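Structure, as structure tokens:
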């Protein structure tokens with residue numbers, strides 16, 4: 001995606017209203033990703049996040065030195081799902097699958113730059129996670145809202161999405177629950193944290 005187009009699109013995708021759900025068309029984009037399972041113990045999650053940022057951070061220097069460009073480090077994102085839908089609805093963290101992600105755009109960022117970032121991270125952290133990769137993800141039509149508050153209290157908003165907004169608009173889920181963490185939990189009070197809650201959807205009538 002071209003830089004000017006990306007900048008305009010991200011304003012729409014990463015700054016939804018906090019008062020109502022909206023529908024957006026999410027384009028196919030590249031992400032640095034790590035997969036995992038289970039979230040009751042945050043050890044694997046925290047390690048995945050550490051690796052993602054360790055691989056992304058050197059790209060800022062590489063882009064500046066090689067291209068004279070400024071790469072702004074994007075926020076952390078995550079996909080969440082469960083093999084049994086009820087485990088997701090109930091928030092059974094032991095049964096959760098997750099994919100931690102950071103967007104790798106605009107298009108002047110190259111796979112070689114990602115590989116160099118991983119090499120730099122490997123020097124510090126050792127062997128990278130087996131699922132660490134650069135890959136594309138295409139969500140398409142999605143419903144989203146800006147959630148403000150502690151992440152553990154999101155359930156009511158997610159329930160409202162699935163039980164009110166989607167049925168009222170004759171839509172059904174069409175992919176994994178997606179969260180975009182816009183604030184640093186180490187710097188922002190729990191009640192002021194901002195998270196984009198996104199759900200890919202399709203028509204209930206096919």
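Annotations
- Subset tally (residues that are within 14 Å of the chain's Cα centre (by Cα) and crowded, with 17+ Cβ neighbours inside 10 Å) for the range 183-200: 7
- Taking each residue of the range 1-17 that is more than 14 Å from residue 71 (Cα to Cα) and outside the structural domain of residue 73 (by TED's automatic domain parsing) and looking for partners that are surrounded by 10 or more Cβ atoms within 10 Å (Cβ to Cβ) and at pLDDT below 75 with beta-carbon atoms closer than 9 Å, six or more apart or interchain, yields 9/1.
- So residue 180, is it crowded, with 18+ Cβ neighbours inside 10 Å and within 22 Å of residue 60 (Cα to Cα): yes
- Yes/no for residue 54 being part of a helix (DSSP H, G or I), over 15 Å from the mean Cα position of the chain (by Cα), in the same structural domain as residue 95 (by TED's automatic domain parsing) and at pLDDT 95 or above: yes
- Check on residue 203, assigned by TED's automatic domain parsing to the domain that holds residue 48 and surrounded by 11 or more Cβ atoms within 10 Å (Cβ to Cβ): no
- If you filter the range 150-174 down to residues that are in a loop (DSSP other than H, G, I, E, B) and modelled with pLDDT under 95, you find that the one that is surrounded by the fewest Cβ atoms within 10 Å (Cβ to Cβ) is 150.
- Among residues of the range 126-160, those that are out of contact with any strand residue (DSSP E or B) (no Cβ under 8 Å at 6 or more places or on another chain) and within 30 Å of residue 189 (Cβ to Cβ), counted: 8
- Considering the conditions (1) under 26 Å from residue 57 (Cα atoms); (2) surrounded by 14 or more Cβ atoms within 10 Å (Cβ to Cβ), residue 136 is excluded by exactly one of them, (2).
- Filtering the range 44-87 to residues that are touching a strand residue (DSSP E or B) at 6+ places or on another chain (Cβ under 8 Å), free of Cβ contacts under 8 Å to residues at least 40 places away in the same chain and surrounded by 14 or more Cβ atoms within 10 Å (Cβ to Cβ) leaves 44, 74, 82, 87.
- Single residue of 130, 119 found to be out of contact with any helix residue (DSSP H, G or I) (no Cβ under 8 Å at 6 or more places or on another chain), assigned to a loop (DSSP other than H, G, I, E, B) and at pLDDT 95 or above: 130
- Residue in the range 36-43 that is within 13 Å of the chain's Cα centre (by Cα), surrounded by fewer than 18 Cβ atoms within 10 Å (Cβ to Cβ), in a strand (DSSP E or B) and assigned by TED's automatic domain parsing to the domain that holds residue 125 present: no
- One residue alone among 59, 49 is part of a helix (DSSP H, G or I), in the same structural domain as residue 115 (by TED's automatic domain parsing) and within 18 Å of residue 179 (Cβ to Cβ), and that residue is 49.
- The one condition from (1) surrounded by 14 or more Cβ atoms within 10 Å (Cβ to Cβ); (2) not in a strand (DSSP E or B) that residue 97 does not meet is (2).
- Failed criterion for residue 124 (all others in (1) in a loop (DSSP other than H, G, I, E, B); (2) in contact (Cβ under 8 Å) with a residue 24 or more places away in the chain hold): (1)
The values are calculated or read from the model by the stated rules, or taken from the named source; none is laboratory data. Model, not experiment: these values are computed from the prediction. Cβ sites come from the backbone with ideal geometry, for glycine too, and all protein chains shown count toward neighbours.
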